[in-house]
Each structure stands twice: as structure tokens, then as C-alpha cells.
């Protein structure tokens, strides 16, 4: 008995192509920054004819909006997966801070984090068309940071009011280190965030 091949409807094919384009756009945004999110490059990365990208996303703004939404989904899911994989043990403030930075910039943190990841994210927060998307995924990112804190012996901070402040400090420290030409912006940011973490940790006598 032979099995008939499953026929894909035009609507399903259209949905699959649009999803593939969004995935490719998000990957290019995360790995290479906003400049890489063009119809031609996204179509090539998705393995779809270039004309299809223009069909599904007539404007570059629409394509970029789809890229940002999917990139934020990837960030949220990658951050939580990274946090849950961290062994539970007590850590120094700086060690914990470095893990927090790794979590915020999951799925990959590298030396280009300022130009490739942070600056585009800040620009998205400023953009009226993208601000709501960034705000929508913020709670998921903070939830991942709470997991890291809890797994690093800092449950009191994880359950406290300062997690959002820590997230702000991560971005601010990286931005300042980058703007001042620091040769190790990630390490410098980890030390600054670690210091804030010490100040945020309740004193137990």
C-alpha cells in the first residue's frame, strides 16, 4: 500500500515562506546587525526567490519589524534555556554578573555586542513602531535573569525589586565601556554590574 504525498495548500506554502523569511531576517539581525536585514540577503538566507521577500514584506520597515519580533522571541527563549542550564552554586558577584550579561545577550555574546546587538536594541526601544514589541518581551528576559540569580545563590535579589535595575545597568555599563574605547567592555561591565549586585544583596548578620 502506497502512501499518497501530503499536498501543501497555497495558504500553507505562503505561511511557511513568510515564517522562513522572518526567521532568516532575525538570524541576520542577531548575527550581523540591522544593515544585514535587506530583502535580497533575507531571501538568500531563507532559500527563497528574492521576489518573494518583496511580496510578503513590501517595505523594508515591515521586514525589519518582523526581524525584530522574531529576534526578541529567540532572545527570550535562548536566555531562559541558558539560565536553566547553569549549575546551581554560590558565585562571586562578578561571576554572577558575567552570567547575567551572557543571559541578556543570548544566544551569543561576542566583542561586537555593542554595535551588533546593544545599539540596535536601544534604537528599537526609541522607535514608536518597535517600542511595543521590545516592551512585550521584556518580562521574559527579566525572568531569565531571576533564574540566573537564584542559581547563583542570590535568591533574595531574584525575588526583590532590583532585577530590572540590574538589566538596565548591564546595558548602561556595556554602552559606557564601548563609548570610552575600553578594550574589554564585557569584563568592565561585569565588574560594574557585580558591584551593583553587591549593593543589592541584603546584608545578613
Theoretical gain in end-to-end length, residue 40 to residue 61 [0.36 nm per residue, Cα-Cα removed]: 6.1 nm
GNM result for the chain, Cα springs below 10 Å: residue of 126, 69, 138 fluctuating most strongly: 126
Extension gain from residue 31 to residue 195, taking 0.36 nm per residue of separation minus the Cα-Cα distance: 56.1 nm
Two-site label geometry, residue 182 and residue 84: point separation in nm, points 7 Å out along Cα→Cβ: 3.2 nm
Extension gain, residue 143 back to residue 95 (0.36 nm per residue minus Cα-Cα distance, nm): 15.4 nm
Label point distance in nm, residue 132-residue 112, each placed 7 Å from Cα along Cα→Cβ: 3.2 nm
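Just so you know, all these numbers are worked out from the coordinates, no wet-lab data involved. Predicted model, so just to flag it, every value in this text is computed and none were measured. Quick reminder, even Gly has a Cβ in these numbers, built from the backbone with ideal geometry, and neighbours come from all protein chains shown.
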